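Just below is one structure, and these are the notes that go with it.
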Amino acid sequence: CGNNLPAFLLGRQICVTLCMFIVARITTCDVDVFDGEDTVFHVSDRMQEFFNTGLPGAVITSIIGSLAWRIIASSFPVAFLELPLIYPILRLCLVVEASGICSVTWLLALIHKKMMRYKVDEVYIGTPEERAASAKEDSDLA
């Protein structure tokens, strides 16, 4: 019973990230201003190139899709939990976490570590004792 909160938070974050990517992709336009196509809202060519990057869609999606809901939920928690869509969204987040997709990332990280031949930090920078000793020796030489 006590493991539901971390599971929910992880599933919620994955769900929010997926929704942001989908909405940002939908809100991205691709107008080729160099071929003479009309710009959206009749803006300048430079502004249209900026719109084509998808950044405005991502920013708007972040504000509306993530920040606004957090403010509403923190200001009115009971009313927020009584909204009709909240329960299915909660269940979706728990299903995503229960699917194990989040645990697969540890396996991918291990495979990446082996492929790149990463080593522990002590190999590169030494142990704290070694670093303290070398700092002392360096200051003795000066």
### Query
In the range 1-96, which GluC sites (Glu not before Pro) fall in coil by DSSP and have 13 or fewer other Cβ atoms within 10 Å?
GLU37, GLU82
### Query
Please report, for the Cα atoms of the range 59-141, the Rg to one decimal and the Dmax as a whole number; what are they, in angstrom?
24.0, 71
### Query
Carbon and sulfur: what percent of the chain's accessible surface (1.4 Å probe)?
68 percent
### Query
Taking the C-alpha atoms of the chain, how large are the radius of gyration and the largest Cα-Cα span, Dmax, in Å?
24.5, 71
### Query
Placing +1 at every Lys and Arg Cβ and -1 at every Asp and Glu Cβ, with all other atoms neutral, what dipole size does the chain have around its Cα centre, in debye to the nearest 20?
740 debye
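The values are calculated or read from the model by the stated rules, or taken from the named source; none is laboratory data. Not measured: the values here are computed from a predicted model. All Cβ positions, even for glycine, are placed from backbone atoms using ideal geometry, and neighbour counts span all protein chains on display. Note: accessible area is taken over every heavy atom of the protein model, side chains too, but ligands, DNA and RNA are not part of it. Shrake-Rupley method; radii C 1.70, N 1.55, O 1.52, S 1.80 Å.
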